[in-house]
Each structure stands twice: as structure tokens, then as C-alpha cells.
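Visitor: Just dropping this structure here.
The values are calculated or read from the model by the stated rules, or taken from the named source; none is laboratory data. Predicted, not measured: the structure shown is a model, and the values here were computed from it. Neighbour counts run over all protein chains shown; Cβ positions are idealised from the backbone, glycine included. Accessible surface areas use protein heavy atoms only, side chains included; no ligands, DNA or RNA. Shrake-Rupley method; radii C 1.70, N 1.55, O 1.52, S 1.80 Å.
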Amino acid sequence: MPVKPLKESFIYLKKNPILYFPDLVMAIIISVGLYFIYIYTGAGDFFVLLQTAETVSLDLFTSYLNENLKEIIISGLTFCFFSFIFGVGVIIVKFTMIRQMLSGKKVSLVSALKEKEGLFWSIVLLRILVYLLSLVAIALVALVGFGLYFLFFSFNENLAMRLGLGIAIPFALVIFIGIKLALFFRYPVMFLKHIKKPLHILKESYTLLKNSPLFVLKTWFVVILLSLIFWAISYLLETIVRFGTFFISVTTFALIIGSVWGVMNILLNITIDLWTTIYVFLQYKKKTKE
């Protein structure tokens, strides 16, 4: 693992805690949104009903859905829409501040917010393109899997099923990892090279993979490995907290500990996301200077 650039990235993060602000705001918005959905859809009453019911049956879920389907659809669509809009704003502000930081400028939340309007639709179109590519990949995998299944179905159904899944699953892994690597540097390309056209951004990111596949693969592997290490630490701490609160008889004290851990877990997730993001931006900046 490249220790030096990771250490350098962490120092950048340590010196610029303002980088936490966009993600913390997003976490608060999501939490508040989920709480209102919880109230609006009557989920609270439903969970109380489940706890008091002698037996949990499918009729309970069916009845809840029939009575609250409209509320669930409206709140779900509204939540997705606003999460997408605010998510785009968070991306712009966060990555603009990272660019300021790596350029040796003072990290300014105000100036980052001012750039939001000029980049908003570029980010939206870029994300839509990524979603479309993912859908095309899913359709291609499904076509290969079902195509093989129906091709050999008349000979042997079990063979057709095994062949379809046996080829479709590895094919899906290859194609999705390929897309991930091809688009891995799309945001560093956009913000460090000041490219706003989505197709040009994707082309530039793909070109980097084509010209330097080992560099892209190593950078991606470090990000995955570091994320897994943090996930393991988070899981271990959560297990310890749950085990500890199990022996606490005072409900209020247990809730306080659980809430404190919830906040710490959010901060931990934001930290690993920011650390790896800075690392990716820093690696791209160094690579383009070679």
C-alpha cells in the first residue's frame, strides 16, 4: 500500500476540517427526511403493531401497504428527488474545496458555493450518463444469461440454468468492474482539468485507464482496501457497543450510548470517504504532471 500519498492525503484532511461540512449537512438532511417519512407513512404505528401482535402474518404487511401505499410512493419519490438534488450540491461543494486545497489555495466554503450554479447541470448529466451505462451493462448481462438459458433449455434445463448463471455472473463482475475503472477518475478530471462536458469527462477518464491501466487499478485497489479496513473497524466497534448496551439496565443510558455511537459511525464513514477521495484526486494530479 502506498503509505506516503495516503499519509499526505490524511494530513490534507486533518488541516481542513471544513471538508466535513457538506457531508454532515447531507447526513442531517437524510436523517430528517427519513424521520418525516417514518411519521408520514405511519411506519411507527405499524412497528408498534408488529411488536404487540401475537403472530406476524403477511396480512399485516398487505393491510399496511393498502392503507399507506399513496403516502409511501409520494414520500419515496420526494425523498429520492431531494436527495439527488442535494447530493449534486454536496459533490460540487466538496470537490471544489478539494481542488482549492490541492491547488494551494485557501479552502473557502463560500467560494465553493458560488461555483455550484455553473457546475450543477454538468454533474446531473454526468450522473445520468453513469446510470444509463449501468442500465446498459445490466441489460447486456441479462441478454447473455437469458440467451444462453433459452439456447440450451431444449437440451437440458439444469444445464441451461447452470451455464447461464455460470457465464452471466463472471461476465457481470468483469463488465461492472470495467465500468468502475473506466469512470473512476471522472470527478478529478472534471474538477482538476475544468472539463464540464460529461462526454468529454468520461472519455478522458477512459483514456487514462487505456493508457495507464496499472495506475488506475492500483489506485482503485487501495481505495477498496482502505474502505474494507474501516468497515471492519466500524463493525467491530458496533458489535462492542451493542454487546455493552445489552448489559445496561437503564434504557435512557443505553439510548445515549447508541446515539453517540451513531454520530461517531457517521463521522467515521465521512472520514474514510473524504480520505479516499482526496487520495484519488491527489494521485490524479500527480499522474497528470508526469
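Visitor: So how many residues does the stretch 221-270 have that are of a type in the set (S, T, Y), at pLDDT 90 or above and surrounded by fewer than 15 Cβ atoms within 10 Å (Cβ to Cβ)?
Guide: Selection size over the stretch 221-270: 0.
Visitor: If you don't mind, another one. Testing F155 on (1) closer than 26 Å to I30 by Cβ; (2) assigned to a loop (DSSP other than H, G, I, E, B), one condition comes back false. Which one is that?
Guide: For F155, the exception is condition (1).
Visitor: Any chance the stretch 170-190 includes a residue that's touching a Lys or Arg at 6+ places or on another chain (Cβ under 8 Å), within 30 Å of V93 (Cβ to Cβ) and modelled with pLDDT of 85 or more?
Guide: yes
Visitor: Of the residues S154, S103, only one is without any contact (Cβ under 8 Å) to a residue 24 or more places away in the chain, open to solvent by 60 Å² or more (accessible area, probe 1.4 Å), among the small types (G, A, S) and farther than 19 Å from T277 by Cβ; which? It would help to see each step written out before you state the result.
Guide: Working: S103 fails: farther than 19 Å from T277 by Cβ.
The match here is S154.
Visitor: For the stretch 197-230, give me each residue that is touching a residue at least 12 places away in the same chain (Cβ under 8 Å) and either outside any helix (DSSP H, G or I) or among the aromatic types (F, W, Y) (or both).
Guide: Passing the criteria: K197, Y206, S212, F215, W220, F230.
Visitor: Report yes if some residue within the stretch 13-21 is over 21 Å from the mean Cα position of the chain (by Cα), of a type in the set (A, V, I, L, M) and assigned to a helix (DSSP H, G or I); otherwise report no.
Guide: No, the conditions are met nowhere in the stretch 13-21.
Visitor: Please go through the stretch 56-83 and pick out each residue that is open to solvent by 100 Å² or more (accessible area, probe 1.4 Å), of a type outside the set (A, V, I, L, M, F, W, C) and modelled with pLDDT under 75.
Guide: Residue satisfying the conditions is D59 alone.
Visitor: Another question about this same structure. For H194, which of the numbered conditions (1) part of a helix (DSSP H, G or I); (2) open to solvent by 40 Å² or more (accessible area, probe 1.4 Å) fails to hold?
Guide: All conditions are met except number (1).
Visitor: Can I ask one more? If you go through the stretch 1-37 one residue at a time, how many are free of Cβ contacts under 8 Å to residues at least 24 places away in the same chain and either open to solvent by 90 Å² or more (accessible area, probe 1.4 Å) or touching an Asp or Glu at 6+ places or on another chain (Cβ under 9 Å) (or both)? Step through it out loud before you land on a result.
Guide: Step one: of the stretch 1-37, the residues free of Cβ contacts under 8 Å to residues at least 24 places away in the same chain are 3-4, 7, 11, 14-15, 17, 28, 31-32, 35.
Okay, now just the ones that are also either open to solvent by 90 Å² or more (accessible area, probe 1.4 Å) or touching an Asp or Glu at 6+ places or on another chain (Cβ under 9 Å) (or both), so 3-4, 7, 14-15, 28, 35.
So the answer is 7.
Visitor: Within the stretch 273-290, work out how many residues are open to solvent by 10 Å² or more (accessible area, probe 1.4 Å) and either of a type in the set (G, A, S) or under 15 Å from the mean Cα position of the chain (by Cα) (or both).
Guide: Final tally of qualifying residues: 4.
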